[in-house]
Structure formats: structure tokens, C-alpha cells
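The values are calculated or read from the model by the stated rules, or taken from the named source; none is laboratory data. Note that this is a predicted model, so its numbers are computed, not measured. Neighbour counts are summed over all protein chains in view; Cβ atoms, including those assigned to glycine, are modelled from backbone coordinates with ideal geometry. All accessible areas refer to the heavy atoms of the entire protein, side chains included, with ligands and DNA or RNA removed. Shrake-Rupley method; radii C 1.70, N 1.55, O 1.52, S 1.80 Å.
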Amino acid sequence: MSNLVSIITPSYNSSKFIDDCVKSIFSQTYSNWELLIVDDCSLDNSKDIISGFSNIDERIKPIFLESNVGAAEARNIAIRKAKGRYIAFLDSDDLWDSHKLEKQLSFMMENDIAFSYSTYQFISEDGKVLSNVILAPKMMTYHSYLKNTIIGCLTVIIDREKTGSFEMPNIRSSHDMALWLLIMKRGFSAYGLNENLAKYRVVSSSNTANK
């Protein structure tokens, strides 16, 4: 595995936001990535938008599911197909700063880190920046994370070469938190880069309210 980053993006009825999400990946100053978008049987025109992107850039690898499996299994299907040493997560309605991958990978390589996350900010449904900024603590261990589940899924990058392979527990909610705990249980601490590198969209509609 080279220093390829596999970006895992589950999508369900995301036609309103997926365009902005993918464009924030196109804007990355670090270009050695692949984007695995798993469409979980969307009922809107998400599939057409995703197909359009994959036609213009071969780094985009769409996976169209025949039946709805939920976000945890959708992510796991992508993780199994991912070719990258690094796994990063970005939901279809969230955004990355253009320097996100470059800065965070440098942080990981320079400090020999297996599991990292960053500071991030909330935006409204229509993309307006909200005042809430979630600062990244310097380090989280298994026990400190149990008391403060502050790690934003959209900011996480994991080095599979260090941690070994993994999947998200297939539970209805908080499967990302469960995965962080599983990796920490293997003896890895998570390290925070206190730079605001991602935007979490607060969406009222049911399809992403449970993200």
C-alpha cells in the first residue's frame, strides 16, 4: 500500500449535498486519493450525480447497492474494497478544507501516528458557518474517550498499516464511536490536530439527522 488515502462516503438520498461534498475532495492539495461512494439504494437522483463524477475522474469509485443496508454496512462495503493505506471518512453532506488531507497526513507521518482527528466546525443546511467549533483534544485514550466522545467521524484518518484491518460494528447508531473504541482497545491512542479542517452540516431531514 502506497500513501493512498481511501475516502469512505456513504450516500442515501444525498442529491442536495453530494455535489459540494465531492467538490471539497476535488479541491484537496493532496491528490493521491480514491473516493468510494456507496449509494445505499437512494430514491432521488443521487446515483446520476455520483455516476457523473465517476465519469470525469477515475479516482471516484461508485458502489450502487441493490438493497438498503444502513450506514455502518455501507461504510464496511467500501472499507473492504478500499486499496489505500489510509482510511478517511466523509459523509455525503459534509465538507473538507482543501488542505485537510495534506496537513493531517503530514501530522501523522511526522509524529508516527496511527489514528488522528482534527478540529471541525458546524455549518447550517444551506452552508452558512455556525459558531460551534469542536476543538480537537491533543490525545484520546480508550478511557478518556468513554467519558468524552468528541472525535468527529468526518475528521478521522486511520493508518491501516499500523492498526491492522478493521470494520465498523454493524449497529444502528454510533458505529463510528464503537470503531474508535475497538481500535483504541488494540493499544492505539488517537491524536488530535487542532486545526479546523472540516465542516459538519446540521441537517434537519430524517435521512441525515441520524448520521
- request: Residues being assigned to a helix (DSSP H, G or I) and in contact with an Asp or Glu (Cβ under 8 Å, 6 or more places away or on another chain): count how many of those fall in region 152-167.
  value: 2
task: Could you please find all residues in region 51-66 being open to solvent by 70 Å² or more (accessible area, probe 1.4 Å) and either among the small types (Gly, Ala, Ser) or part of a loop (DSSP other than H, G, I, E, B) (or both)?
output: 58, 66
task: Report whether or not residue 130 is over 21 Å from residue 81 (Cβ atoms), touching a residue at least 60 places away in the same chain (Cβ under 8 Å) and open to solvent by 40 Å² or more (accessible area, probe 1.4 Å).
output: yes
Scan of region 23-42 for residues that are in a strand (DSSP E or B) and either of a type outside the set (Asp, Glu) or over 16 Å from the mean Cα position of the chain (by Cα) (or both), ordered by number: 33, 35, 36, 37, 38
statement: Reported set for region 167-183 where residues are surrounded by fewer than 20 Cβ atoms within 10 Å (Cβ to Cβ) and at pLDDT 95 or above is 167, 177, 178, 181, 182
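A quick yes/no check of all residues on (1) under 13 Å from residue 136 (Cβ atoms); (2) in a loop (DSSP other than H, G, I, E, B); (3) aromatic (Phe, Trp, Tyr):
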site	(1), (2), (3)
150	yes, yes, no
173	no, yes, no
176	no, no, no
179	no, no, no
188	no, yes, yes
193	yes, no, no
196	yes, no, no
- line: Within region 92-107, residues in contact with a Leu (Cβ under 8 Å, 6 or more places away or on another chain) and part of a helix (DSSP H, G or I) come out as 100, 103, 104, 107
- prompt: Looking at region 99-127, which of the residues that are among the polar types (S, T, N, Q) and loosely packed, with under 14 Cβ neighbours inside 10 Å is farthest from residue 85 (Cα to Cα)?
  reply: 124
- line: Note on region 29-50: residues surrounded by fewer than 14 Cβ atoms within 10 Å (Cβ to Cβ) and touching a helix residue (DSSP H, G or I) at 6+ places or on another chain (Cβ under 7 Å) are 29
- request: Test residue 210 against the stated conditions and say whether it is modelled with pLDDT of 95 or more and open to solvent by 70 Å² or more (accessible area, probe 1.4 Å).
  value: no
task: Return yes or no: is residue 74 in contact with a Lys or Arg (Cβ under 6 Å, 6 or more places away or on another chain) and farther than 17 Å from residue 26 by Cα?
output: no
field: Matching residues in region 7-22 - criterion: being open to solvent by less than 10 Å² (accessible area, probe 1.4 Å) and either of a type in the set (S, T, N, Q) or assigned to a loop (DSSP other than H, G, I, E, B) (or both)
entry: 9, 11, 14
message: Please go through region 113-130 and give me each residue that is closer than 30 Å to residue 184 by Cβ and in a strand (DSSP E or B), ordered by number.
response: 115, 116, 117, 118, 119, 120, 121, 122, 123, 130
message: With the structure loaded, tell me whether residue 159 is in contact with a strand residue (DSSP E or B) (Cβ under 7 Å, 6 or more places away or on another chain), at pLDDT 95 or above and either under 25 Å from residue 17 (Cα atoms) or of a type in the set (Gly, Ala, Ser) (or both) or whether it fails that test.
response: no
